[in-house]
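The values are calculated or read from the model by the stated rules, or taken from the named source; none is laboratory data. From a predicted model like this one, the values you see are computed outputs, not experimental measurements. Cβ sites come from the backbone with ideal geometry, for glycine too, and all protein chains shown count toward neighbours.
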Amino acid sequence: MNASLEFSRRQFLGQMTTGLTGVALSRLFSAESKTQPHFTPRAKQVLQIFCPGAASHVDLWDHKPMLEKYDGTPLPGAAEVTFQGKNGNLMKSPWSFRAAGQSGKRISSMLTHMARHVDDIAFIHSMSSRTNTHGPGCINMNSCFTREGFPSAGSWVSYALGSLNENLPTYIAIQDLRGEPPNGKANWSNGFLPAQYQAVAMAAQQPLRNLARPAAISSDEEKATRDFLQFINSQHAAAHPGNSELQARMAAYEMAAKMQLTAPEVSDLSGEPQHVHDLYGTGDPNKLKAAYAKNCLLARRFLEQGVRYVSLYCASRASAVDGLLNWDAHKTLKADYERHCPIFDQPTAALLTDLKQRGMLNDVLVVWCTEFGRMPTHQQGTSGRDHNPDAFTTWMMGAGIKGGISHGETDEFGRRAAVDVATVYDFYATVLHLLGLDHEKLTYYHNGAKRRLTDVHGHVLTPLLA
């Protein structure tokens, strides 16, 4: 054994007080690094539902009667626009839009389950993006930057507010069965924030690996080993103050030990009543829908246990077959969305219903995102739509949100955001505001600058606030 690790009993006991003090101090410093809310929060947790592939606003949420009226004609007054391909004439949605709820909000007839929630949702129809490419678009919608290396919104919230549960991660990303979204793990990266603020990736189909204790090791032996490792780490941490990666590694070991008991229990969906499984559709013969339904149920269970920020993905990165794995419908919009909408609709609506009937929407802010929108025209030579960074829809629901409203407008065809144009900076300024945080005051010093989630932009979308 290395001489530095050879401790006599007297040496161990003599240094134990110092070691435990170091652990206590590291926890104290960690707690002090958290930002207390700048004002009374309306929300305590965030559920982000993300549909990668640029889900079409004019086919899901943003009804455009003029698009129906002028179907098959050129977009009036438009110069030729090319993002991923040349565009043809205007193309109406393959599905009708139906009025729903007391508000009479019109959404796609494909979303029969989601229609039940329109009176609780605040739609933002005037979103705009800085990019027309999926990878940078997803990164932008998660971090407000189109380049990798910047912290995601979930990491900022974790850094600012810390955990509501000592036995589970503060930030969890639930991946779709079909795979990671465009640009993968960068969507939930900690960027330049300390490493402990990145998300832990989990899913119903992909439980955390290596949680179980090997059969050859007794529980007493494992505990003794863990205690000794903590002692050694505390000694090293005391000698290297300010090493965030070391602190993150120590925190990860401690969290892993706690998760051995908690994570398997929370991830076990078998104890849920059958009527809950039926509500979500976890037993659906469509395996993709059943998998997403299980992830929706898992998201509720994580939120119920106090996970601060949950990102839930419906679809994954693009595939060689257009529109197969995500909402990127360049060629065959109708066939693609008749595949994706049934996967999304019932489980998502069930999750919202479940949160509401349990009273959890008093604390949980739900946000729905995609990276940008789609053109009101068809892509030349196809029956699909090209990318459209100039207009798309997002929405919010739950804690602090005024339901049954639509904020902002696109033009009469849905080509551009035209009224109360909103940006991702505005979107997250509003999210932080609902969490009791001033987006201009939540900063982190990095490379000579005070960085923030919203960069140097952003305004709170006050019409959305209850």
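Note on the range 42-100: among residues that are part of a loop (DSSP other than H, G, I, E, B) and of a type in the set (Asp, Glu), the one that is farthest from residue 372 (Cα to Cα) is 71. For the range 347-390, filtered to residues that are of a type in the set (S, T, N, Q), over 21 Å from the mean Cα position of the chain (by Cα) and outside any strand (DSSP E or B), the residue that is surrounded by the most Cβ atoms within 10 Å (Cβ to Cβ) is 382.
Tallying residues that are closer than 17 Å to residue 428 by Cα, of a type in the set (Val, Ile, Thr) and surrounded by fewer than 23 Cβ atoms within 10 Å (Cβ to Cβ) within the range 108-161 yields 1. Within the option set 417, 449, being at pLDDT 95 or above and more than 24 Å from residue 40 (Cβ to Cβ) holds for one residue only, 417.
Selection over the range 425-458 of residues that are not in a helix (DSSP H, G or I) and not charged (D, E, K, R) gives a count of 17.
Applying the condition of being aliphatic (A, V, I, L, M) and assigned to a loop (DSSP other than H, G, I, E, B) to the range 305-346 and asking which residue is farthest from residue 58 (Cα to Cα) yields 307.
Put simply, of 173, 186 the only residue that is in contact (Cβ under 8 Å) with a residue 40 or more places away in the chain, surrounded by 24 or more Cβ atoms within 10 Å (Cβ to Cβ) and not in a loop (DSSP other than H, G, I, E, B) is 173.
Of the residues making up the range 401-412, just one is buried (at least 20 other Cβ atoms within 10 Å of the Cβ) and within 18 Å of residue 387 (Cα to Cα), namely 410. Search the range 34-89 for residues being surrounded by 20 or more Cβ atoms within 10 Å (Cβ to Cβ) and among the aromatic types (Phe, Trp, Tyr), and hand back the single one that is farthest from residue 199 (Cα to Cα). By that ranking, first place goes to 61.
Being at pLDDT below 95 and either charged (D, E, K, R) or closer than 30 Å to residue 307 by Cβ (or both) is a condition met by at least one residue of the range 84-102. Could you tell me whether residue 393 is crowded, with 21+ Cβ neighbours inside 10 Å, in contact (Cβ under 8 Å) with a residue 60 or more places away in the chain and assigned to a helix (DSSP H, G or I)? Against the criterion (crowded, with 21+ Cβ neighbours inside 10 Å, in contact (Cβ under 8 Å) with a residue 60 or more places away in the chain and assigned to a helix (DSSP H, G or I)), residue 393 does not qualify. Condition test on residue 265, is it surrounded by fewer than 20 Cβ atoms within 10 Å (Cβ to Cβ), without any contact (Cβ under 8 Å) to a residue 60 or more places away in the chain, of a type outside the set (Ser, Thr, Tyr) and part of a helix (DSSP H, G or I)? Criteria met by residue 265.
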